[in-house]
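Following: one structure in structure tokens, then a few remarks.
Bear in mind these aren't lab numbers, they're just calculated from the coordinates by the rules spelled out. Nothing here was measured: the structure is a model prediction, and the numbers come from that model. Don't worry about glycine lacking a Cβ; one is built from the backbone with ideal geometry, like all the others, and counts go over all protein chains shown.
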Amino acid sequence: MEALSDLLNGFATALTPTNLAWAALGVILGTAVGVLPGIGPAMTVALLLPVTYGLEPTAAFIMFAGIFYGGMFGGSTTSILLNTPGESSSVITAIEGNLMARRGRASQALATAAIGSFVAGLIGTMLLVLLAPTIVDLAVGIGAADYFAIMMLAFIAVTAVLGSSRIRGFASLAIGLTLGLIGIDLATGQQRLTFGVPQLADGIDVVVVAVGIFAIGEALWVAAHLRHRPPDIIPTGRAFMSREDFSRSWRPWLRGTALGFPFGALPAGGAEIPTFLSYVTEKRLSKHKGEFGHGAIEGVAGPEASNNASAAGTLVPMLTLGLPTNATAAVMLAAFTGYGIQPGPLLFEREGDLVWALIASLFIGNTLLLILNLPLAPLWARLLRTPRPYLYAGILFFASVGAYAVNASTIDLVILLVIGLLGFAMRRYGLPVVPAIIAVILGPRAEQQLRRALQLSNGEISGLWSTPLAKFIYLIIAVVLLWPLISRFLLRGRHPLAEAAAEAGVPLEGPEGDEQRAPEQPAVDGEPRSRVPEAEPPPTDDDTETGGRP
Amino acid sequence: MSSLSERLRGRSELGICVLLAALGVLVLVDASRIPTDFTQRGPVGPAAVPVVVGVALLVIAVLLARDVLRGGHGEAEMGEDVDLSNPSDWRTVLLLIAAFLVNVVLIDRVGFPISGALLFWGSAYALGSRHYLRDPLIALALSVITYLIFARGLGIGLPAGPLEGVL
């Protein structure tokens, strides 16, 4: 196995004392920042990106691997101890894990989340090692038209599958595409949307976009609605679990991993769906069905493993195709580009040492995370008590540092604020932010592939679907887009989404969902924005699952 | 049937539609002034994708407006520290923006250690912290330590301003 020897070389690079120290620092920083309320993994990575600017690429990416897993773990700690999810993929953890914590089993909930994340991360990274070389071999043979089709699928999947309103997803996507247009068109040297501002000619730095939408947007949004009573944090001791907990957890870990990884690896809309699927599966299979809804350990173990496996899975298309399928991967892709490194099939050839060192660091980071975080759980829990004014002032502070550090330019700070206000408006009106981030990063690449494909076909538009792979992908896109119609046909209107779509007459829009409150009453009851776990899972999984495997 | 003014009331979400439509027009106008005939390589010129994006923005603006007028609305985002039962606190938001802009204006003039401290202190004040001794001390310590870590430790350029040589 060539991959294995490459991996061993990667370990040789990553295991030097200095690099090990960078990995440990990354894990600690990632967890510390990720645990802070309001900061999800993508924002953690974006905020900590500037820290790696001064390092040489290998050290930077080794640190990055630590930040990546640390940020993921930090998020689940917050969910368990604080009840409200920082992001949609930890909704289940927030519900079931918090119920466990309330019953005095916070330590066990944290332990099953930590060990489950470790198991999932370990298996997920091993699958990455096994799959990546194969995918690279296949990917070298696919052309511009196929790439373009895959990117379209990524756009549609992240927009149409996630969130409750498709039209708002597409609005977010279009905003992201617009931001991606800004700058000089590389093929012709023409300026687009620069309005004569020289600093815009190079385009808006993706770090500025990500930090603006995530950090500034979030800080302003929270500031406008800051909860003034102290948060209800459950105290915890060292994370540990008994033999019985262990025997109830290990099967959910493995099943969760099996569900999560494919969803991450394919452009199928991120970790939200597999965590729900995992919860439903565990509930069905459990001997303790009565405990579900009151803090069942299986309901934490499965979804948490699923969440982490999905995160590991997203690295497969990110590294082999340069295709980000969630916000965190999109920010990481931006980080690569910042170092002049283009992820894609050629990456493994050109920067083999770096990639394998990165992959080795994922194993190391994952292990460090487990070793550090089981005993450190009480310390992380204390971070949750950070006074909110300091927390959000700190976010604005570090976001400014990061955006300024990119080019040492105050224009970037102004752009940061404008994009932050955009992020604020998107949160206010329920526009999902992930499609925008993906579109900013993937939009220009998609345009490049489109032009290349049409150049090859001499401008013949049918050149875009001339290959079987491209045809197949467009078929999947059509199914995803028309799903509301199809499901209405199949389920005879039982599906609430289908009913709403039927009323609206158009599959792409319509006041989907059950609540049609008037916007002048922003008063929402205390419920976290979550789908009911028992709800039918969005049913695109079968199509997308087969779809990404050319 | 309700009258138009009744249907418009409280639908501030239509502002998003206006924003999208304005963006669409902006993108299309900008695309129209790109000379497409020469410099072009290959069948797709520099204006083609902007035209597609601009049209998409306009279409989405119309569809979203239709959705809003039919009673649909986006769910405001929840979060750990978000309490949607109160109306938006615009004063805090504006103060935060002011603190942010103070840093933008001052960073190249007085250096990061000072402007960053003002940013942090101002933001903490805006968010309701009223420890008149502790807040500025934390702000200054954070700012100076960050400066030292970034500029000295990581080699990332943050302006020192008049404190150059002191720090």
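Relative contact order, percent, of chain A when contacts are C-alpha pairs under 8 Å separated by at least 6 residues?
Working: 993 pairs, mean separation 138.7, N = 550.
Reported as a whole number, the value is 25 percent.
In a DSSP loop and with at most 15 other Cβ atoms within 10 Å, the trypsin sites (Lys or Arg not before Pro) in the stretch B:115-167 are B:Arg130. In this structure, the amide hydrogen of A:Arg192, modeled 1.01 Å from its nitrogen in the peptide plane, lies closer than 5 angstrom to those of A:Gly183, A:Ile184, A:Asp185, counting only residues at least 5 positions away or on a different chain.
Mind ordering A:435-445, A:45-55 by average Cβ neighbours within 10 Å, highest first?
Going from most to least packed, we get A:435-445, A:45-55.
Summary of packing: across the peptides A:446-453, A:173-180, the per-residue average of other C-beta atoms within 10 Å ranks them, highest first, as A:173-180, A:446-453.
Helix check for chain A. Which DSSP H runs span at least 24 Å along their own axis by Cα, with a mean Kyte-Doolittle hydropathy no less than -0.5? Numbers along the way, then the final one.
On the way: long enough: A:17-35 (27 Å, 1.43); A:57-82 (36 Å, 1.27); A:106-140 (48 Å, 1.79); A:243-265 (33 Å, -0.60); A:298-321 (34 Å, 0.39); A:352-383 (41 Å, 1.48); A:388-407 (30 Å, 0.91); A:410-428 (27 Å, 1.76); A:434-456 (32 Å, 0.57); A:468-491 (30 Å, 1.98).
Correct list, ordered by number: A:17-35, A:57-82, A:106-140, A:298-321, A:352-383, A:388-407, A:410-428, A:434-456, A:468-491.
What per residue convex hull volume, in Å³, comes out for chain B when only alpha-carbon positions are used?
Values: hull volume 39.7 nm³, N = 167.
In chain B, the Cα convex hull volume per residue is 238 Å³.
Entry for chain A at q = 0.12 Å⁻¹: log10 I(q)/I(0) = -1.19, Debye formula applied to identical alpha-carbon scatterers, no solvent contribution.
Considering all projection directions equally, how large on average is the shadow of the alpha-carbon convex hull of the stretch A:266-405, in square nanometres? Walk me through the intermediate numbers first.
Details: hull surface 46.6 nm².
The directionally averaged projection comes out at 11.7 nm².
For the stretch A:1-63, what is Rg from Cα atoms divided by 2.2 N^0.38 Å, rounded to two decimals?
So the stretch A:1-63 has a normalised radius of gyration of 1.29.
Taken over the stretch A:94-180, the convex hull of the Cα atoms encloses 148 Å³ per residue.
Take the Cα coordinates of the stretch B:90-162, assign each an equal point scatterer, and use the Debye formula without solvent to give log10 I(q)/I(0) at q = 0.21, 0.26, 0.27 Å⁻¹. Computed log10 I(q)/I(0) values: -0.86, -1.11, -1.15. Highest-first packing order for the peptide set A:92-105, A:371-384, B:48-61, A:234-247 is A:92-105, B:48-61, A:371-384, A:234-247, based on the mean count of other beta carbon atoms within 10 Å. Rounded if a/c is under 1.5, else prolate if a/b beats b/c, else oblate: with a ≥ b ≥ c from the C-alpha gyration tensor eigenvalues square-rooted, which is the stretch A:322-428? Oblate, since a/c reaches 1.5 and b/c is not below a/b.
For the stretch A:226-343, the direction-averaged projected area of the alpha-carbon convex hull comes to 10.5 nm². Distance from the C-alpha centroid of the stretch A:237-307 to that of the stretch A:1-80: 24 Å, rounded to the whole angstrom.
The spacing between the stretch A:400-465 and the stretch B:85-106, judged by their C-alpha centroids, is 26 Å. The Rg/Rh ratio for the stretch A:107-238, using Cα coordinates for both the radius of gyration and the Kirkwood hydrodynamic radius, is 1.08. Taking chain B as the reference, fit the longest principal axis to its C-alpha atoms, fit the long axis of helix B:134-147 to the helix C-alpha atoms, and give the angle between the two in degrees, 0 to 90, nearest 10. It is inclined by approximately 80 degrees. Segment A:Tyr474..A:Leu20, full-extension length gain: 159.0 nm, with 0.36 nm per residue of separation and the alpha-carbon distance subtracted.
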